[in-house]
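Structure record follows, encoded as structure tokens.
The values are calculated or read from the model by the stated rules, or taken from the named source; none is laboratory data. Nothing here was measured: the structure is a model prediction, and the numbers come from that model. A quick note on method: Cβ atoms are made from the backbone with ideal geometry, for glycine too, and the neighbour counts reach across all protein chains shown.
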Amino acid sequence: MELVCPAGNLPALKAAVDNGANAVYIGFRDDTNARHFAGLNFAPNKMVDGIRYARSKGVRVFIALNTYPRPDGFRRFEQAVDRAAELGVDALIAADIGVLDYASRTHPRLSLHLSVQGSATNYEALRFYHEHFGIRRAVLPRVLSISQVQHVIDQSPVEIEVFAFGSLCVMVEGRCILSSYATGRSPNTFGACSPASHVEWIETEDKLDTRLGGVLIQRHAKGENVGYPTLCKGTFNTDGQTYHAIEDAVSLNAMELLPQMAAAGVKAVKIEGRQRSPVYVAQVTKIWREALDSFAKNPNAFTPKPEWTSALGRVSEGAQTTLGPYHRPWQ
Amino acid sequence: MTEPQPLTAAPSSRRPRLSLGPISYYWPKAEVDAFYAMVAEAPVDIVYLGETICSKRNQVRFEDWMAIAERLAEHGKEVVLSTLALVEAESELKRLRAICEQSRFLVEANDMGAVQLLAGRPFAIGHSVNCYNDRTLAVLAGQGLKRWVYPVELTRETLEQMQRTRPDGVETEVMAYGRLPLAYSARCFTARHKDLPKDDCRDACIDYADGLVVNTQDDQQFLVLNGIQTQSAHTANLLAELPAMRRLGLDILRISPQSEHMEQIIALFDQALRDSVDPAEAAAQLNALMPVGPCDGYWHGEAGMAKHAIA
């Protein structure tokens, strides 16, 4: 299985490459990708450097161009596709039908992956993107159980990549607009969820409130650990109960499912986190490299080492991990 | 493949038609039957039927939906069969195929899997199929798209751009009234609220005719849990924008059903469309009929929950 790692900048790319990634995914420095954060992503010259560095170490480079352009922004996306093709990247990860259509017609030799933002959760959807745009790979949304992943792969015309570690979208990617409901900006239109520009931290005598677009997402007592106010991980009141009505502040860690993923025919495992630091990317890549190598050496005896699990737990959001949707009871 | 019908009248002279979207909640069969008995006599032109949220909701089965469809067709309604938004299991694909293979009624695809099954024949897409630009619309039109629902998070301005290059024979529908569909998940939030596993949810959703309201800790009504779907607590209301929507040459305005006041809501839209009441006045009356209250931010390029044109 290929290990696909995030790189939000050149140091993170080098960290991923040096610690055993088989492929890295990167984005342009604008709203054409779903990690459109201030100071993140690659200016043109840095992208050239990054691709050169990865290539020199035999690591593949994918460019994420996975938001949804509106008509007045479409030309910029065309230019981004052209640029990716010129750079000779190993794949373009896209979601929008118009972008995929442009890319496949204008650059027939450019390898296309369907982004998780493309929201394809079944093999009939995958057939559409394969028949019309010749996609070679698809990243599955984090909604399927491991047996459903297997079933999709059995019928899929393209290879399948799945998320293995990192922040957990609890909603079907590409079809969640919670963020724009509160802020006007969504992953689809702006490339960011719960954008920092709309976050407020309001301290009073005994508590700290975090608001997104003015909406109270978390209310903490002074001294409590305070997380980022991602909308779906907020604490709300429903029918008299105050709880994480949608999802707790946890991250995905599917390492113990590596044997099942391999048996299912998963082609690549993806690490989330282009917004995270180079140190994070180095740590997580290193551990996953060791895990994949250990699995390859002795597939029947694979179990995650406790030190891997605890190290991954420490760098996870909320310091807790879950198997998420892969494990049916979570659903 | 049926040739798409060209649009004949000039945009400004056409009166948009009124549609009723699929019921997004889980209602007992008797209530569904009573609801569509009312709809049969109501001034809506198009009715979308079927379960779009959860395949476990089995009060109304395929045969029942087809029977309701026939009754509505007898009353002169154009019936469209709507489909599941999140398609995961083979059993869901099997049901989807049954809907896509019938040729009596047009089908609304709510997932690209359904688009794949319908390609080459006339079909419609709902708001959960992402169509954010003219090139996407053109690709889908090439596959037989006859009607699309404008994504709810996009603005009036973007719609204007889309209308300019819209392919011939493709109708544009806008969700003009209803709680906004914001997200879909593998997780069932209603079952989770009741501490039940999704696989043994015991029809958890049937207790909430308009979903389950999520409040912030400072008591703002914010979202609605509807099984695996999350909606806005506030109800989108674009009726005041009717003059703008007419100028844009929109073909259809959609009302998304709620459990109460539907006859009045439909009547207000109908009166506004027939120019017998001022749209702004009708919109204001609608606000009093909502479970929580109105919002219209997306249309104006703001946060979806914002109230722009609403006093």
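Couple of notes before you dig in:
- Filter result (part of a helix (DSSP H, G or I) and within 24 Å of residue A:273 (Cβ to Cβ)) within the range A:116-151: A:116, A:117, A:118, A:146, A:149
- All of (1) closer than 23 Å to residue A:161 by Cα; (2) away from chain B (no Cβ under 14 Å); (3) out of contact with any Gly (no Cβ under 9 Å at 6 or more places or on another chain) hold for residue A:56 with one exception: (1).
- When we screen B:135, B:187 for residues that are assigned to a helix (DSSP H, G or I) and not small (Gly, Ala, Ser), the only hit is B:135.
- Any hit, the range A:96-103, residues being more than 9 Å from every other protein chain (Cβ to nearest Cβ) and in contact (Cβ under 8 Å) with a residue 60 or more places away in the chain: no
- Of the residues in the range B:155-162, at least one is part of a loop (DSSP other than H, G, I, E, B) and within 11 Å of another protein chain (Cβ to nearest Cβ).
- Residue in the range A:90-110 that is under 19 Å from the mean Cα position of the chain (by Cα) and more than 24 Å from residue A:61 (Cα to Cα) present: no
- Selection within the range B:59-87: residues that are of a type in the set (Gly, Ala, Ser) and in contact with an Asp or Glu (Cβ under 8 Å, 6 or more places away or on another chain). The member of this set that is nearest to the other protein chains (Cβ to nearest Cβ) is B:85.
- On the stretch given as the range A:174-190, residues that are more than 7 Å from chain B (Cβ to nearest Cβ) and without any contact (Cβ under 8 Å) to a residue 60 or more places away in the chain total 2.
- Only one of A:274, A:289 that is among the basic types (Lys, Arg), within 30 Å of residue A:36 (Cβ to Cβ), buried (at least 18 other Cβ atoms within 10 Å of the Cβ) and in contact (Cβ under 8 Å) with a residue 12 or more places away in the chain: A:274
- Scanning the range A:212-245 for residues that are at the interface with chain B (Cβ under 8 Å from one of its Cβ atoms) and aliphatic (A, V, I, L, M) yields A:215, A:216, A:217, A:245.
- Against the test of being within 17 Å of the chain's Cα centre (by Cα) and of a type in the set (Gly, Ala, Ser), the options B:141, B:124 yield a single qualifying residue, B:124.
Residue-wise test of (1) in a helix (DSSP H, G or I); (2) within 14 Å of another protein chain (Cβ to nearest Cβ).
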site: A:262; (1), (2): yes, no
site: A:266; (1), (2): no, no
site: A:270; (1), (2): no, no
site: A:273; (1), (2): no, no
site: A:280; (1), (2): yes, no
site: A:283; (1), (2): yes, no
site: A:311; (1), (2): yes, no
site: A:325; (1), (2): yes, yes
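- Criterion violated by residue A:163 - all others in (1) under 20 Å from residue B:215 (Cα atoms); (2) in contact with a strand residue (DSSP E or B) (Cβ under 7 Å, 6 or more places away or on another chain); (3) at pLDDT 95 or above satisfied: (1)
- Check on residue A:227, touching a residue at least 40 places away in the same chain (Cβ under 8 Å), surrounded by fewer than 19 Cβ atoms within 10 Å (Cβ to Cβ) and in a loop (DSSP other than H, G, I, E, B): yes
- Condition check for residue B:176: in a helix (DSSP H, G or I), more than 14 Å from every other protein chain (Cβ to nearest Cβ), among the hydrophobic types (A, V, I, L, M, F, W, C) and farther than 24 Å from residue A:331 by Cβ: no
- In the set (1) more than 24 Å from residue B:127 (Cα to Cα); (2) at the interface with another protein chain (Cβ under 9 Å from one of its Cβ atoms); (3) buried (at least 24 other Cβ atoms within 10 Å of the Cβ), the condition left unmet by residue A:151 is number (3).
- When the range A:1-39 is filtered for residues that are assigned to a loop (DSSP other than H, G, I, E, B) and farther than 25 Å from residue A:78 by Cα, the ones remaining, listed by number, are A:1, A:19, A:20, A:21, A:22.
- Test: residue in the range A:31-41 that is surrounded by fewer than 23 Cβ atoms within 10 Å (Cβ to Cβ) and closer than 27 Å to residue A:296 by Cα: no
- Sole exception among (1) part of a helix (DSSP H, G or I); (2) in contact with an Asp or Glu (Cβ under 8 Å, 6 or more places away or on another chain) for residue A:67, by number: (1)
- Enumeration of residues in the range B:129-139 that are crowded, with 22+ Cβ neighbours inside 10 Å and more than 7 Å from chain A (Cβ to nearest Cβ): B:129, B:131, B:137
- Residues in the range B:94-117 that are touching a Cys at 6+ places or on another chain (Cβ under 6 Å) and either within 10 Å of chain A (Cβ to nearest Cβ) or without any contact (Cβ under 8 Å) to a residue 12 or more places away in the chain (or both): B:117 only.
- Within the range B:202-211, one or more residues are without any contact (Cβ under 8 Å) to a residue 12 or more places away in the chain and either within 20 Å of the chain's Cα centre (by Cα) or outside any loop (DSSP other than H, G, I, E, B) (or both).
- Filter result for the condition that a residue is more than 10 Å from every other protein chain (Cβ to nearest Cβ) and surrounded by fewer than 23 Cβ atoms within 10 Å (Cβ to Cβ), over B:292, B:213: B:292
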